[in-house]
1. So in the range 153-190, with the set limited to residues that are in a helix (DSSP H, G or I) and in contact with a Lys or Arg (Cβ under 7 Å, 6 or more places away or on another chain), which one is nearest to L225 (Cα to Cα)?
2. Do we find that A495 is open to solvent by less than 50 Å² (accessible area, probe 1.4 Å) and either at pLDDT 85 or above or touching an Asp or Glu at 6+ places or on another chain (Cβ under 8 Å) (or both) in this structure?
3. Regarding the range 464-478, can at least one residue be identified that is at pLDDT 85 or above, open to solvent by 30 Å² or more (accessible area, probe 1.4 Å) and within 15 Å of D331 (Cα to Cα)?
4. With under 17 Å from the mean Cα position of the chain (by Cα) and in a helix (DSSP H, G or I) as the only criterion, which of L23, L95, L35, L101 stands out?
5. Which residues, taken from the range 14-60, are crowded, with 22+ Cβ neighbours inside 10 Å and polar (S, T, N, Q)?
6. From the set of residues in the range 158-182 that are open to solvent by less than 80 Å² (accessible area, probe 1.4 Å) and touching a strand residue (DSSP E or B) at 6+ places or on another chain (Cβ under 9 Å), which is nearest to A247 (Cα to Cα)?
7. Being more than 47 Å from the chain's Cα centre (by Cα) and part of a helix (DSSP H, G or I) is the filter here; which residues of the range 439-454 pass it?
8. Among (1) surrounded by 15 or more Cβ atoms within 10 Å (Cβ to Cβ); (2) out of contact with any strand residue (DSSP E or B) (no Cβ under 6 Å at 6 or more places or on another chain); (3) at pLDDT below 90; (4) over 22 Å from K65 (Cα atoms), there is one condition Y110 misses while meeting the rest; what is its number?
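The values are calculated or read from the model by the stated rules, or taken from the named source; none is laboratory data. This is a predicted model, so every value here is computed, not measured. Cβ atoms come from the backbone with ideal geometry, glycine included; neighbour counts cover every protein chain shown. The area values use the complete protein model at the heavy-atom level, side chains included, leaving out ligands, DNA and RNA. Shrake-Rupley method; radii C 1.70, N 1.55, O 1.52, S 1.80 Å.
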Amino acid sequence: MEKTKHFDRAMITLEFDKIREMLASVCPTEGSKALARAMRPSRAIGTVRRMLAETDAAKAMQMTKGMPPFGGVSDITPAVERADKGAVLNPAEILAVGRMLSASRAVMDYRKEDRTDKTALDEYFLRLIPNKKLEDKIMRCIVSDDMIADTASDKLYDIRRRMRSENNRIRDSLQKYISGGNYSKYLQENIVTMRDGRYVIPVKQEFKNEIKGLVHDTSASGATLFIEPLSVVEANNELRLLERKEADEIARLLSELSADIAEIAGTLLDNYRHLTLLAFIFGKSQLSYKLDAIAPEITAAREMKLERARHPLIAADKVVPITVYLGHEFDTLVITGPNTGGKTVTLKTLGLFALMTQAGLHIPVADGSVMCIFDDILADIGDEQSIEQSLSTFSSHMVHIVEMLAGIEDRCLVLFDEVGAGTDPVEGAALAVSILEAVREKRALCAATTHYAELKSYALDTDGVCNASCEFDVNTLRPTYKLIIGTPGKSNAFAISRKLGLPDAIIARAESYVSGENRRFEAVVERLEAERIAMETARTEAEMLLAKARAEKAEMEAFVAMREREAEKELEKARATAVRMVESAKVSSDYIFAELEKVKKERESENLAKSLDEARRSIKVHLRENSDNLDPVDPKKVEGYVLPRPLKKGDEVILVSIGQKGVLLGDPDKNGNVQVQAGIIKTKTNISNLMLIDGVKVTFTDKNGKKGPAKSVGDRAIAAFNPEIDLRGNYGDDACFLLDKYLDDARRAGIKTLRVIHGKGTGALRKAVTDFLRRDNRVASVRIGSYGEGDTGVSIVEMK
């Protein structure tokens, strides 16, 4: 209980509630927002590692496929529990169940389409149990929160058809009263209205006996009577009877659907819980993207190291990254520096990042950051003066510190802001040193801010205690907010006063009042600071040069390796070509010699001329058949390009191998080889080395051989892809331009269902958008949204 009390106080002091609100703002469902606002850190290292692994998995999925389609999932728990007890749900409650079932199925499909290996979230996905039959039944029966579809049942369809017929019959019957003629002069207005659910006409008081019927109402002035003519009484009675039958049938349908829901109540509640948990985890991944955060390494050792940590509640363009660590070389950090210099922010960063990590959130740090798990976090930060309890600032801090000291253990993080302040400096410094010693005796990690020089000396003289300072630029009289570990902060009071114009004589007199020991200490600190700045500058330059040299080395090694691979490929290709040419030439020469030998034997024959002609023809045919080996064609191919049509003589083309334009001198042969005139050069090449200049069409082929548009893996736009686009406010052409790019992004993200918002208005934008979508070959189908999806203000698009 005591630890929980300290944890709760630390969460308030360190503004963890604001982090919870940031998380709630990016969670996609109301249930996940509630989980975010109730989120608490865990003290179990296994639980923390599991939660961080879940956030990692969600972030990886979101990077490739965007946010899962959680849709309009609302809390169905009260409705399902009532149905399970035998209650009949209203249409809005049943429709909420249908939407939850639809979201369960869509989220399952989202995971099935993701080809990644097993992840930490698979257990949640596998626990989702869709029920397509009940989902379809609900969506077929209920159109909106207060409307049942005509097609919900054959009986309801028949009842409503008859109701429409009776309505038309009544109106036709009453039309003779309002369309002129003898009755028109008796009416106050030529209209048909309703009273108590029955059709009536407004008759002037003085003519009430001219129209026979039942009086249902009078006007406030009494000048008008609302009469139901006798000719429509029977039809009105029939209509009221049909309305009762309609209500009975709707009640039966709602009862039936409620019973269906009760039958699988446990499954529905489990689905809702797992959907809410998934939405909560994906909310964490969305916050990670927003903060540009990562998961730190979790260690069982008692240490923490934050590399380039950025406080998440400070604007990204103003926050200064700090590197701070505790627990490895020292267990206590004493931070000094000017007011508003960043000391308190450093303390809050340490505490807040510990809370965020233990809640399973990524933290905005650089790679190499390490966090341990704390059993408790105790923080004394800020002015806590209590008027009600008649406590001064010092007394209020002491009361809190007494409570903290009683609850400190070895797995605790203790944070003090201006420890020992608010009283006599000598006594305050002594108290501060004693308090830090007490914390160290209990082996807790501790960070404290101070202005006391005694604490600087204590840190210099004590093993396990380290000084740190927040840098201050005397020239600009502004803090730089950089944290320097290992160097105590220097007092800048005299330098600031001199810069602001205080006379030198006053400053010199003030310096004479400072003890010699303090002056020597400040001088040492000043020399250390100067040496540190020089070393930091030299180290920064060295690191930049080293990084540049490494980058250049890597670039050159990659270039050399690429050229070696290309040279080896060309050499191998040349060897193979040479072998083919030699073999082909050998075969051809053998054939020619054999033909000559035959001619020689027939030299004396009377058929010599005929034999010579046959030999010439045979040699030509043989050489033509082997021309591909004697005159090999460059086998280069254009990756991802296909010709839009067969090539023919006269086509203008590009020879990819030499990057030149050319014209086909003939049609390609059966092997795809063709003669091309490129400038003054005539060459033979394969159609795979040609691109048609007119009508270029480019496609891309994935590793499975499937053709489709190019994918940009790792693109942040995919990670943040939203299955909904709002085109309102755009003209037709501009909207179609935006929609065209959006469809490309959807295909890259693998999203199948899109929601295009074009608004209702005059309908011009809707027509332009739907016409564009129906013509687009990337779109399988497009329909106007139903109630709950946006009605005619949106179009639902199914991608191929």
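1. Only one residue fits best here, namely Y186.
2. No: the conditions fail for A495.
3. The answer is no, given that none of the residues of the range 464-478 is at pLDDT 85 or above, open to solvent by 30 Å² or more (accessible area, probe 1.4 Å) and within 15 Å of D331 (Cα to Cα).
4. Of L23, L95, L35, L101, the one residue that is under 17 Å from the mean Cα position of the chain (by Cα) and in a helix (DSSP H, G or I) is L23.
5. If the condition is that a residue be crowded, with 22+ Cβ neighbours inside 10 Å and polar (S, T, N, Q), then T29, S32, T55 are the ones that fit.
6. Among those residues, the one meeting the criterion is N167.
7. A453, E454
8. (4)
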